[in-house]
Amino acid sequence: MDNEKLVHSHDGIRLTRRGLLSAGAAATVAATLIRPGFSWAQNAELTFCASLGWTVWESGRHIVNGYKDAVERLGGTLTIADANYDVKKQADQILAFVESKPAAIFITPADAAAISPAVQQAVASGIPIFIGDSYVPNTTVTSTAMSNNFGLGAYPAEYIANTLEGKGKVALVSLPSNESWDQRTLGAKSVFTRFPDIEIVSEIAFALGGSTTPRQVVDQILTANPELDAIWCAWDGAASEGTLAIRAAGRDTIITGIDGGAQSFEYIKADSPFKITMAQSFYEMAYMNAFYAHEVAAGRLAPRFIITPTYAVTKDSLDPLDTIPDTYDVPGEAAKLGWNRVL
C-alpha cells in the first residue's frame, strides 16, 4: 500500500480533558496550535498509523492536515495509508497496522459497516483505536470524533423548505454506503415529511468510487424532472458538480450540500444555484483523534464520543470576508470569521 511517513517535532501546550469538553474547547485547542514552550519530548518515540477511507475532496485534505499537524505538534511519527474507497484495501491496512503495534490507530471509514470486522480485531489487539467522521457499528473503540449527521441532513432540508415556502418538487442524492452518511438522508426526510406540499420526486443512491459521476446523476435528475425546485445532496461533491449541471441546463433549481471547503464556498459566494453547505470540522475531528491518542498514551482518559462543530455557510456568511476561508475548521478560526456553530 502507498504509505506516507512523517517524523515530527513536538512543541505545544498540554490541555486538560475538562477544558477540551467545555464551552471554551475551541479556544483551548487553538492555543496548542500556536503557543510554543512546552516540551513533548516524552512523546518522540510514539508511533501512530492512520488508515483513511479517502483523501480526495476538500474533506480528505483537511483530515490529512489535521492528523499531520497534531502529530507534528504533539510528537511522534505518523504513517498514513489511503484506501481510496476500497473496503478490502482498508481492512487489510488496518490489520497490517495492528501487526506493527503502534501507540494508536486512526481510521476514517468510507464504509464503516464493511470494515467493522477488521476494526473489531484491532480493538481486540489492545491497541487504542480512534475513529474520525463516522462511527463503526458493533465496536467499542477508544474514541470517535464526528459530526451530527442527522442534523447535517435536516438543516439544509429546512433551508429548502423555507426557501420554497413549504411547496415544491425536490430530489435527493444520497450516500447510503456509510451508515453515518445515510443518517443525513434520514434527517432530510424527517424535515420534508412535515411539509405535505413538498414532493420528493427522485432519490438516487450514489456509490462513491463507482463509474457514474455526481454530474451524471444530477443530469439524469434534471432530464427526468422538467419541473424541479431543489436538489438536496448528501455531500458537497454532488452539490458542486450538480451546480454545473443546473447551469448547463439553464434551470432555476437550487442545490444544497454538506461538507464545506474552499470550492464549495466559491460557488456559494458567486450566487450560483449552490446556496448552502453544512461546513464540517474535518481538521478538528482528526486533531481530536491524535490529541486523545497522546492522552491515552500518557495514561489518561479519552471521551468516548466527540461531536465536532458544524457551520451553516451561505452567501451572507461569505460576503463580508475578503478571501475564501480554508482553515475555518482549525479550532478558534471560525470565531475569527464571525461564524457560530449550528450543530
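Every number here is computed from the coordinates shown, using simple stated rules; none is lab data. From a predicted model like this one, the values you see are computed outputs, not experimental measurements. Heads up, the Cβs are rebuilt from the backbone with ideal geometry, glycines too, and the neighbour counts pull from every protein chain shown.
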Over 23 Å between C-alpha atoms is what I'm after, so list which of LYS189/LYS315; LYS167/LYS189; LYS167/LYS275; LYS68/LYS269; LYS68/LYS315 land there.
-> LYS189/LYS315; LYS68/LYS269; LYS68/LYS315
Using θ = phi - 60° and the Karplus curve 6.51 cos²θ - 1.76 cosθ + 1.60, what whole-Hz ³J(HN,Hα) does each residue of the stretch 295-300 get, with Gly and Pro shown as x?
-> 4, 5, 4, 8, x, 9
What is the fewest-to-most order of ARG300, ARG341 by other Cβ atoms lying within 10 Å of their Cβ?
-> ARG300, ARG341
Quick one: which residues, 5+ away or cross-chain, put their amide H under 5 Å from the amide H of ILE276? H built at 1.01 Å from N.
-> GLY257
Sorted by chain and then number, the residues having a modelled amide H within less than 5 Å of the amide H of ILE198, at least 5 places away or on another chain, are GLY168
Of the options ALA161, GLN263, THR108, report the single residue whose Cα projects farthest towards the positive end of the charge dipole of the chain (beta-carbon charges: Lys, Arg +1; Asp, Glu -1).
-> THR108
How big is the chain on each of its three principal axes, counting only the C-alpha atoms and giving the largest first in Å?
-> 63, 43, 32
Treat every Asp and Glu Cβ in the chain as -1 and every Lys and Arg Cβ as +1, leave all other atoms uncharged, and give the resulting dipole magnitude about the Cα centre to the nearest 20 debye.
-> 880
Kindly write out, for the stretch 220-237 in residue order, the coupling ³J(HN,Hα) from the Karplus curve 6.51 cos²θ - 1.76 cosθ + 1.60 (θ = phi - 60°), rounded to whole Hz, with x marking Gly and Pro.
-> 4, 4, 5, 5, 6, 10, x, 10, 9, 8, 7, 10, 9, 10, 6, 7, 6, x
With x for Gly and Pro, the residue-by-residue ³J(HN,Hα) of the stretch 91-97, computed from phi through the Karplus equation 6.51 cos²θ - 1.76 cosθ + 1.60 at θ = phi - 60° and given in whole Hz, is 4, 5, 4, 4, 5, 5, 5
Ratio of the Cα radius of gyration of the stretch 188-343 to 2.2 N^0.38 Å, where N counts its residues | 1.21
Over the chain: helical MRE at 222 nm, DSSP H runs n ≥ 4 each giving -39500 (n - 2.57), nearest 500 = -12500 deg cm²/dmol
Debye intensity ratio in log₁₀ form over the Cα atoms of the stretch 201-261, taken at each q of 0.16, 0.20, 0.25 Å⁻¹ = -0.44, -0.70, -1.09
Return the long-range amide H neighbours of THR77 (sequence gap of 5 or more, or a different chain), with a cut-off of under 5 Å between placed amide H atoms.
-> LEU46, THR47, PHE48
Would you list which aspartates and glutamates come within 12 Å of LYS88, measuring only between C-alpha atoms, while excluding same-chain residues fewer than 8 positions from it?
-> ASP111
